[in-house]
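K.L.:
Please read through the structure below; I'll follow up with questions.
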Amino acid sequence: MSETATSSPRRRERIEYDADVIVVGAGPAGSTTAYYLAQSGLDVLLLEKTSFPREKVCGDGLTPRAVKQLTAMGITFEDEGWIRNHGLRIIGAGVRLDLPWPDLAAYPGFGLVRTRFDFDQILVNRAVAAGAKLLERTTVTGPLTDERSNRIVGVHAKDADREPVTFRAPLVVAADGNSSRLSVAMGIRKRDDRPMGVAVRTYFESPRHDDDYLESWLELWDRTGDRDVLLPGYGWVFGVGDGTCNVGLGILNSTSSFQDVDYRRLLRRWTESMPGDWGFTEDNQKGAIRGAALPMGFNRVPHYSRGLMLVGDAGGMVNPFNGEGIAYAMEAGNIAADVITQAHGRPTQQTRERALLRYPDVLADTYGGYYTLGRYFVRMLGQPEFMKYATRYGLRQRTLMKFALKMLANLTEPTQGDAMDRVINGLSRIAPAA
């Protein structure tokens with residue numbers, strides 16, 4: 001694709017583009033965006049700083065919301081590496097509660113577990129098969145901007161041989177994760193009034209590797225001085241099906257002690273308290289304890305500005321209720337691709353820009369109210385008395401916990417749902433957008 005730019009009244013310069021769209025980052029957000037753009041016939045360049053397969057810090061658990069997105073991309077789950085789960089097991093205050101995923105028309109009735117070691121490669125392969133051009137081991141070092149318009153018109157990078165290279169496109173998608181250096185370079189920084197979490201995890205050889213429920217532990221205690229402190233977060237045990245379990249914990253920044261927590265030590269203490277026959281011991285550990293940030297509730301905005309569109313963790317799209325990021329990264333990738341495709345078909349720069357500016361509005365309409373509720377929820381979790389009360393009394397009310405599962409996992413029928421669905425959807429609609 002080429003575009004004509006005016007450099008003087010007498011001379012018109014033709015800028016040759018390398019692609020219609022450059023997508024930076026080939027995680028779930030970037031690969032999904034590239035897949036749908038390529039499906040629509042656009043010329044897509046997908047840049048990834050690592051090479052596949054590659055490890056990524058994650059719980060590896062996928063809710064039905066994520067399964068729906070995978071199915072839409074033509075991915076099937078019959079080969080080795082996928083393990084299905086039937087729901088969520090919640091443990092706390094001496095209570096163990098198995099909650100099946102809701103029976104909904106809008107979402108499948110099962111979740112999945114698959115390690116990120118090759119999960120991302122499956123998605124990127126779908127994007128390449130659809131026509132996207134993938135360049136691995138290509139590190140984007142900064143934006144290429146037009147001096148007159150101050151718009152991004154490409155990126156500077158280092159290729160696989162560490163040689164400098166420049167790629168040009170009239171639109172760039174930042175899917176480069178929580179740090180999103182590209183967004184920062186374009187002046188789009190994080191908001192401190194949005195929740196942030198930290199997740200740490202490792203793998204253990206364990207007989208629990210084929211558990212068909214995702215397991216969540218709601219009580220995480222840390223020792224501060226001479227007292228025990230209940231932390232806002234949860235621990236998890238997800239069977240991977242290959243002889244190992246993904247075991248980890250996620251903590252929210254809603255308490256003053258957030259910066260002081262030694263997460264790796266906390267994970268050690270927690271796993272040491274588990275039954276010995278589960279095998280969560282240092283001798284059975286596979287790989288180091290690794291951590292990652294969880295950017296939540298739209299903690300970086302605007303999601304579109306001056307030719308740069310943010311998708312996934314780059315735009316802080318992790319669900320504040322449960323720390324789920326993959327489903328929302330993929331959904332946002334689909335939304336972004338649709339907006340970009342519609343803009344691409346407009347005849348003038350002005351009408352294209354007007355179409356692109358719809359992207360933040362669509363995101364706000366889709367998630368804004370729900371993410372605002374999530375921020376309130378995070379604040380409540382920061383109150384130890386609320387946490388104690390909720391675990392002590394709430395877990396014993398099965399109907400209440402079924403409602404909580406729908407709320408926290410964002411699994412409701414959009415229309416014609418039951419009373420729980422109508423309450424959750426109604427609250428999301430009336431809450432101010434995030």
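The values are calculated or read from the model by the stated rules, or taken from the named source; none is laboratory data. A quick note: this is a predicted structure, and the numbers were derived from the prediction, not measured. Reconstructed Cβ throughout: ideal geometry from the backbone, glycine too, with neighbour counts over all protein chains shown. Ligands, DNA and RNA are stripped out before the accessible areas are found, and what is left, the full protein with its side chains, is counted by its heavy atoms. Shrake-Rupley method; radii C 1.70, N 1.55, O 1.52, S 1.80 Å.
K.L.:
Give the range 279-323 a look and list any residue that's touching a strand residue (DSSP E or B) at 6+ places or on another chain (Cβ under 8 Å) and of a type in the set (Phe, Trp, Tyr), or say none.
P.N.:
280, 304
K.L.:
Quick one: which residue in 349, 416, 397, 342 is surrounded by fewer than 18 Cβ atoms within 10 Å (Cβ to Cβ) and on the phi > 0 side of the Ramachandran plot? Talk me through it step by step, then tell me what you get.
P.N.:
Details: 349 fails: on the phi > 0 side of the Ramachandran plot; 397 fails: on the phi > 0 side of the Ramachandran plot; 342 fails: on the phi > 0 side of the Ramachandran plot.
Unique residue meeting the criteria: 416.
K.L.:
Taking only the range 22-45 into account, find how many residues are in a strand (DSSP E or B) and under 24 Å from residue 324 (Cα atoms).
P.N.:
Keep residues of the range 22-45 that are in a strand (DSSP E or B), which gives 22-24, 44-45.
In the following step, the residues that additionally are under 24 Å from residue 324 (Cα atoms) were identified as 23-24.
Final tally of qualifying residues: 2.
K.L.:
Since residue 337 meets every condition but one in (1) within 21 Å of residue 294 (Cβ to Cβ); (2) crowded, with 18+ Cβ neighbours inside 10 Å; (3) modelled with pLDDT of 95 or more, which condition does it not meet?
P.N.:
Exception for residue 337: condition (1).
K.L.:
Scan the range 318-375 for residues that are farther than 24 Å from residue 413 by Cα and outside any helix (DSSP H, G or I) and jot them down.
P.N.:
345, 346, 347, 348, 357
K.L.:
Follow-up. Mind telling me which of the residues 3, 80, 55 ends up being assigned to a loop (DSSP other than H, G, I, E, B), more than 22 Å from the chain's Cα centre (by Cα) and modelled with pLDDT under 95? If you could, list the steps in order and put the result at the bottom.
P.N.:
Details: 3 fails: assigned to a loop (DSSP other than H, G, I, E, B); 55 fails: more than 22 Å from the chain's Cα centre (by Cα).
Of 3, 80, 55, the one residue that is assigned to a loop (DSSP other than H, G, I, E, B), more than 22 Å from the chain's Cα centre (by Cα) and modelled with pLDDT under 95 is 80.
K.L.:
Conditions first: (1) assigned to a strand (DSSP E or B); (2) basic (Lys, Arg); (3) open to solvent by 30 Å² or more (accessible area, probe 1.4 Å). Residue 89 passes all but one, so which condition is the exception?
P.N.:
Unmet condition: (3).
K.L.:
So which of 229, 237, 247 is aliphatic (A, V, I, L, M), open to solvent by 10 Å² or more (accessible area, probe 1.4 Å) and either out of contact with any Lys or Arg (no Cβ under 9 Å at 6 or more places or on another chain) or not in a helix (DSSP H, G or I) (or both)? Explain how you work it out, then say what you get.
P.N.:
Values: 237 fails: open to solvent by 10 Å² or more (accessible area, probe 1.4 Å); 247 fails: open to solvent by 10 Å² or more (accessible area, probe 1.4 Å).
That would be 229, the only listed residue that is aliphatic (A, V, I, L, M), open to solvent by 10 Å² or more (accessible area, probe 1.4 Å) and either out of contact with any Lys or Arg (no Cβ under 9 Å at 6 or more places or on another chain) or not in a helix (DSSP H, G or I) (or both).
So that you can scan it fast, the table gives a plain yes or no per residue for (1) of a type in the set (S, T, N, Q); (2) over 30 Å from residue 308 (Cβ atoms):
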position: 355; (1), (2): no, no
position: 359; (1), (2): no, no
position: 362; (1), (2): no, no
position: 380; (1), (2): no, yes
position: 397; (1), (2): yes, yes
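K.L.:
A follow-up question, please. I need the full set of residues from the range 150-173 which are part of a strand (DSSP E or B) and within 20 Å of residue 340 (Cβ to Cβ), in order please.
P.N.:
Step one: filter the range 150-173 for residues part of a strand (DSSP E or B), giving 152-158, 164-168, 171-173.
If the condition is that a residue be part of a strand (DSSP E or B) and within 20 Å of residue 340 (Cβ to Cβ), then 152, 153, 154, 155, 167, 168, 171, 172, 173 are the ones that fit.
K.L.:
Can you give me the number of residues within the range 379-434 that are within 28 Å of residue 363 (Cβ to Cβ) and either part of a loop (DSSP other than H, G, I, E, B) or acidic (Asp, Glu) (or both)?
P.N.:
Count: 15.
K.L.:
Does residue 422 count as out of contact with any helix residue (DSSP H, G or I) (no Cβ under 9 Å at 6 or more places or on another chain) and in contact (Cβ under 8 Å) with a residue 60 or more places away in the chain? Before the answer, list the steps.
P.N.:
On the way: out of contact with any helix residue (DSSP H, G or I) (no Cβ under 9 Å at 6 or more places or on another chain): yes; in contact (Cβ under 8 Å) with a residue 60 or more places away in the chain: no.
No; evaluated as a whole, the condition is false for this residue.
K.L.:
Could you pull out the residue among 369, 345, 325 that is touching a Ser or Thr at 6+ places or on another chain (Cβ under 6 Å) and of a type outside the set (A, V, I, L, M)?
P.N.:
On the way: 345 fails: touching a Ser or Thr at 6+ places or on another chain (Cβ under 6 Å); 325 fails: touching a Ser or Thr at 6+ places or on another chain (Cβ under 6 Å).
Among 369, 345, 325, only 369 is touching a Ser or Thr at 6+ places or on another chain (Cβ under 6 Å) and of a type outside the set (A, V, I, L, M).
K.L.:
Return the only residue of 290, 306 being within 24 Å of the chain's Cα centre (by Cα), open to solvent by 50 Å² or more (accessible area, probe 1.4 Å) and closer than 30 Å to residue 243 by Cβ.
P.N.:
290
K.L.:
What tally of residues in the range 28-65 results from selecting those that are in contact with a strand residue (DSSP E or B) (Cβ under 7 Å, 6 or more places away or on another chain), of a type in the set (Ser, Thr, Tyr) and more than 17 Å from residue 174 (Cβ to Cβ)?
P.N.:
Total satisfying the criteria: 1.
K.L.:
Restricting to the range 59-77, name every residue that is open to solvent by less than 30 Å² (accessible area, probe 1.4 Å), part of a loop (DSSP other than H, G, I, E, B) and out of contact with any Ser or Thr (no Cβ under 6 Å at 6 or more places or on another chain). Working first, answer last.
P.N.:
In the first step, residues of the range 59-77 are kept if they are open to solvent by less than 30 Å² (accessible area, probe 1.4 Å); the result is 59-67, 69-70, 73, 75, 77.
This time we only want the ones that are part of a loop (DSSP other than H, G, I, E, B), so: 59-60, 63, 73, 75, 77.
Passing the criteria: 59, 63, 73, 75, 77.
A quick yes/no check of all residues on (1) of a type in the set (S, T, N, Q); (2) farther than 27 Å from residue 293 by Cβ; (3) touching an Asp or Glu at 6+ places or on another chain (Cβ under 6 Å):
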{"site": "32", "(1), (2), (3)": "yes, no, no"}
{"site": "44", "(1), (2), (3)": "no, yes, no"}
{"site": "49", "(1), (2), (3)": "no, no, no"}
{"site": "67", "(1), (2), (3)": "no, no, no"}
{"site": "99", "(1), (2), (3)": "no, yes, no"}
{"site": "104", "(1), (2), (3)": "no, yes, yes"}
{"site": "107", "(1), (2), (3)": "no, yes, no"}
{"site": "117", "(1), (2), (3)": "no, no, yes"}
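K.L.:
Considering the range 174-191 alone, what residues qualify as being more than 13 Å from residue 307 (Cα to Cα), touching a residue at least 60 places away in the same chain (Cβ under 8 Å) and not in a loop (DSSP other than H, G, I, E, B)?
P.N.:
190
K.L.:
Count, please, the residues in the range 151-170 that happen to be touching a Gly at 6+ places or on another chain (Cβ under 8 Å) and open to solvent by 10 Å² or more (accessible area, probe 1.4 Å).
P.N.:
Just the residues of the range 151-170 that are touching a Gly at 6+ places or on another chain (Cβ under 8 Å), to begin with: 151-153, 155-156, 166-170.
Checking the rest, the ones that are also open to solvent by 10 Å² or more (accessible area, probe 1.4 Å) come to 151, 153, 156, 166-168, 170.
Total satisfying the criteria: 7.
K.L.:
From (1) surrounded by fewer than 22 Cβ atoms within 10 Å (Cβ to Cβ); (2) closer than 30 Å to residue 186 by Cβ; (3) touching a residue at least 40 places away in the same chain (Cβ under 8 Å), pick out the condition that doesn't hold for residue 312.
P.N.:
The failed condition is (1).
K.L.:
Right, next: Can you give me the number of residues within the range 178-191 that are of a type outside the set (A, V, I, L, M), open to solvent by 20 Å² or more (accessible area, probe 1.4 Å) and farther than 24 Å from residue 266 by Cβ?
P.N.:
Let us first name the residues in the range 178-191 that are of a type outside the set (A, V, I, L, M), namely 178-181, 183, 187, 189-191.
Still in the list and also open to solvent by 20 Å² or more (accessible area, probe 1.4 Å): 178-179, 181, 187, 189-191.
Among the residues that remain, those that are also farther than 24 Å from residue 266 by Cβ are: 181, 187, 189-191.
Looking only at that region, the number is 5.
K.L.:
Of the numbered conditions (1) open to solvent by less than 20 Å² (accessible area, probe 1.4 Å); (2) part of a helix (DSSP H, G or I); (3) hydrophobic (A, V, I, L, M, F, W, C), residue 128 fails exactly one; give the number of that condition.
P.N.:
(1)
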